[in-house]
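J.: Have a look at this one.
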Amino acid sequence: MELITNIALGIALSACCGFRVFIPLLAGALAGHFQIFSLPADMQWLASWPAIICFGTAAIAEIAAYYIPFIDNLLDTIATPLSVAAGTVLATSFLPLANLDPLLRWGTGLLAGGSSAGVIHIGTGLLRLFSSKATIGTGNAIVSTTENAAAISGSVLSFIIPFIVAVVLLMLIGWIVAKLTTHVIWRKRRV
């Protein structure tokens, strides 16, 4: 049961990086620092005070920047690879893979965590782009608030009910992939 819980926690936290990059990193750092979760020896840097201060500062700056119209769209471009990297780091830290070969461990972290964070971030980025076009940027504050709430609540609930959070986020990932696939097929048929 502990193995399944750890896998769900790693995937759930990683997927939350798709909403905001630094909030789940901050949650993981605090969980490691206060020993809510035991991090592997090579990932102890995540629980250090310098990491907590950096992630906290970056989380506040990221939240504030997403409330500035059109800057938020630019930030989405920069945050896409960052969300994949953050998801990979969190998955590698929280998935029970400490005894595996480093290449296999980081590869699994990229596949499980980086891809889930990337898909969610692409989905929210497209939603923000649509909001920018439809509302001339004024509706982006609603999208940003929803993303902030999802990142914060998802990160906190990942430690309380990791399996349920992971299942909900995996269903969201499936829905985003289905919508994107349908859109691409529809556009190809139209041309």
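The values are calculated or read from the model by the stated rules, or taken from the named source; none is laboratory data. If you're wondering where the values come from, they're calculated on a predicted model, not measured in any experiment. Every residue, glycine among them, receives a Cβ derived from its backbone with ideal geometry; neighbour counts consider all protein chains shown.
J.: Checking the conditions here, which among Asn140, Asn148 is in contact (Cβ under 8 Å) with a residue 40 or more places away in the chain and within 23 Å of Val167 (Cβ to Cβ)?
T.: Unique residue meeting the criteria: Asn148.
J.: Working only within region 86-118, note down all residues that are of a type in the set (A, V, I, L, M, F, W, C), more than 20 Å from Val177 (Cα to Cα) and free of Cβ contacts under 8 Å to residues at least 60 places away in the same chain.
T.: Leu97, Ala98, Leu100, Leu103, Leu104, Trp106, listed by residue number.
J.: Quick one: which of Leu9, Leu26 is touching a Phe, Trp or Tyr at 6+ places or on another chain (Cβ under 8 Å) and either modelled with pLDDT of 95 or more or on the phi > 0 side of the Ramachandran plot (or both)?
T.: Result: Leu26 is the single residue among Leu9, Leu26 that is touching a Phe, Trp or Tyr at 6+ places or on another chain (Cβ under 8 Å) and either modelled with pLDDT of 95 or more or on the phi > 0 side of the Ramachandran plot (or both).
J.: Within the bounds of region 155-174, is there any residue that is of a type in the set (Ser, Thr, Tyr) and surrounded by fewer than 22 Cβ atoms within 10 Å (Cβ to Cβ)? Break it down into steps so the answer makes sense when it comes.
T.: So the first thing to find is which residues in region 155-174 are of a type in the set (Ser, Thr, Tyr), and the list is 155, 158.
In the following step, the residues that additionally are surrounded by fewer than 22 Cβ atoms within 10 Å (Cβ to Cβ) were identified as none.
Scanning region 155-174, I find no residue that is of a type in the set (Ser, Thr, Tyr) and surrounded by fewer than 22 Cβ atoms within 10 Å (Cβ to Cβ), so the answer is no.
J.: Checking the conditions here, which among Leu25, Leu9 is in contact with a helix residue (DSSP H, G or I) (Cβ under 7 Å, 6 or more places away or on another chain), closer than 23 Å to Asn99 by Cβ and buried (at least 19 other Cβ atoms within 10 Å of the Cβ)? Before the answer, list the steps.
T.: Numbers: Leu25 fails: closer than 23 Å to Asn99 by Cβ.
Only one candidate passes the filter, namely Leu9.
J.: Can you say whether Val177 is farther than 17 Å from Leu74 by Cα, in a helix (DSSP H, G or I) and touching a residue at least 12 places away in the same chain (Cβ under 8 Å), as far as the supplied structure shows? Walk me through it before giving the result.
T.: Details: farther than 17 Å from Leu74 by Cα: yes; in a helix (DSSP H, G or I): yes; touching a residue at least 12 places away in the same chain (Cβ under 8 Å): yes.
It is true that Val177 is farther than 17 Å from Leu74 by Cα, in a helix (DSSP H, G or I) and touching a residue at least 12 places away in the same chain (Cβ under 8 Å).
For every residue, the table says whether it meets (1) in contact (Cβ under 8 Å) with a residue 40 or more places away in the chain; (2) among the polar types (S, T, N, Q); (3) in contact with a helix residue (DSSP H, G or I) (Cβ under 8 Å, 6 or more places away or on another chain).
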site	(1), (2), (3)
Gly32	yes, no, yes
Gln35	no, yes, no
Gln44	no, yes, yes
Ser48	no, yes, yes
Ala65	no, no, yes
Phe70	yes, no, yes
Ala79	yes, no, yes
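J.: Output the number of the condition that Ala166 fails; it satisfies all remaining conditions of (1) on the phi < 0 side of the Ramachandran plot; (2) touching a residue at least 24 places away in the same chain (Cβ under 8 Å); (3) over 14 Å from the mean Cα position of the chain (by Cα).
T.: (3)
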